[in-house]
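The values are calculated or read from the model by the stated rules, or taken from the named source; none is laboratory data. What you see is a predicted model; the values in this text were computed from it and never measured. Don't worry about glycine lacking a Cβ; one is built from the backbone with ideal geometry, like all the others, and counts go over all protein chains shown. Heavy atoms of the whole protein, side chains included, go into the accessibility calculation; ligands, DNA and RNA do not. Shrake-Rupley method; radii C 1.70, N 1.55, O 1.52, S 1.80 Å.
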Amino acid sequence: MHWTKKILAVCGLASFLLGACQGQSSTASDSTQPAPPSKEETHLVKAGESKKEDIFVDAAWAKDQIDQQDTAKILEAGYGDAAYKKGHLPGAQLMDTMEIETEESDWNLLADDDLVKAFLAKGVSKDTPLFVYGEDVNAASRVAFAAYYLGVDEVHIIDGGKAAWEKAGYELTEESPQVTAAQDFGGGYPGRPEAYIKTSDDLLAAKESQPNLVIASVRSWPEFIGETSGYDYIDKAGEIKGAVWAKASETAADVNYLTNEDGTIREPQAVFADWEEWGISQDKPVTFYCGTGWRNTTAFFVAKQAGWHDISVQDGGWYEWNLNHQKNPSKYPVQVGDPRGNDVEILD
């Protein structure tokens, strides 16, 4: 799902094929409807300044590191293999997102043992320098986050993905590499459990232990105020009660406030200023969520690279919370509308 299903959910097949996906209209007043993403190009990743501790890195630095390190592995992340078959980075393996999440897992990441098996099959263990990219930065972030959570020491996302690689003058290939599976992860896992809040119940427990935890939705404004669920397979619209809006997505299929038009990550300080108006700031514990766990991983890594520390990904998101709300509304209450206004409705 996911990337294709998300696009179809928001825009329908015809507009997807035409590349005409636009943000859904909102009945919210002009005073609350956010401005569209800026077309000004700014960059979190500056050419020639990438470092080993960075998540997002430029293509030239990535190629240099890959060439120098025989143990490095490259994964192209995506839903299905169509993009991979059209051409990929030399040495790249496909990591289909269905290898790390399924509908049976409520689109949450699979159990830790299953995640480790998926990465070991690609030759990735704890000490493997890992480079991930994709045509969709959210797919790349999703796969990279799974590795990061497990405890892979060095995880990078190639900023701008395949397009940036080609722009830098590097070739693609249609040849699939022969890779020997790794036999052992090389350490206990998960290595970074603090970065991951998996289920709705885990979120309730986290909120109880940290009453000041900020629950930040990176969903689009129409999703956030409950005009649309954003997905054709989620029948109800709304948000987790108490959630605040972390501007990131223009529709359910993007993080356009965080990216330039070429898919590279924008310098995020302007977005952070908007987040702060909603109480989302670097001095508080923050957990990011979205619909099914893709967009929030991109927001997580942008904040992480910008120096935020006490942050996590809440994986269940609206998909799982909505399922639970229908079974037990008082335990999993929902808000609809702008929580800063007088018209917000609490469904419990």
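Its Kirkwood hydrodynamic radius, worked out from the mean inverse distance over all distinct Cα pairs, puts the chain at 20.3 Å. The fraction of all Cα pairs in region 218-318 landing in successive 5 Å bins from 0 to the largest distance is 2, 14, 25, 28, 18, 9, 3, 0, given as whole percents. With a Förster radius of 56 Å applied to the C-beta separation of E345 and A47, the computed FRET efficiency comes to 0.70. Using a cut-off of 15 Å between beta-carbons, work out the net charge of the residues near G169 (Lys and Arg +1, Asp and Glu -1, G169 not included). Overall, the nearby charge balance is -2. Here the ratio of the Cα radius of gyration of region 264-318 to 2.2 N^0.38 Å is 1.07. Rolling a 1.4 Å probe over the protein heavy atoms gives region 111-217 an accessible area of 43 Å² per residue.
Rolling a 1.4 angstrom probe over the protein heavy atoms with all chains in place gives region 283-328 an accessible area of 25 Å² per residue.
Which percentage, to the nearest 5, of the DSSP beta bridges contained in region 227-348 is antiparallel?
Values: 6 of 9 bridges.
Once the DSSP bridges in region 227-348 are tallied, antiparallel ones form about 65 percent.
Each DSSP beta bridge with both residues in the chain is either parallel or antiparallel, and the antiparallel ones are about 25%. On the principal axes of its alpha carbon atoms, region 149-294 extends 48, 39, 35 Å, with the longest extent given first. Net charge within 11 Å of G337 by Cβ-Cβ distance, Lys/Arg positive one each and Asp/Glu negative one each, not counting G337 itself? Summing Lys/Arg as +1 and Asp/Glu as -1 gives -4. Our Cα-only numbers for region 33-175 put the radius of gyration and Dmax at 15.3, 50 Å.
Give, in nm to one decimal, the length gained when the segment between D153 and S330 is fully stretched (0.36 nm per residue of separation minus the Cα-Cα distance).
Details: separation 177, 0.36 × 177 = 63.72 nm, distance 4.09 nm.
Length gained between D153 and S330: 59.6 nm.
Taking the square roots of five times each eigenvalue of the Cα gyration tensor of region 67-116, the equivalent ellipsoid has semi-axes of 24, 16, 5 Å, listed largest first. Using 0.36 nm per residue and subtracting the Cα-Cα separation, the extra length available between D67 and D81 on full extension is 2.5 nm.
The orientation-averaged projected area of the convex hull spanned by the Cα atoms of region 114-168 comes to 3.7 nm². Per residue, the convex hull around the alpha carbon atoms of region 163-208 comes to 212 Å³.
Applying 1/(1 + (r/R0)^6) with R0 = 25 Å to the Cβ-Cβ distance of D113 and A206, what FRET efficiency is obtained, to the nearest 0.05?
With a Förster radius of 25 Å, E is 0.65.
Structural descriptor for the chain: relative contact order 19 percent, calculated from alpha carbon pairs under 8 angstrom and at least 6 residues apart.
On the chain, 47 percent of the accessible area sits on carbon and sulfur atoms, based on a 1.4 Å probe.
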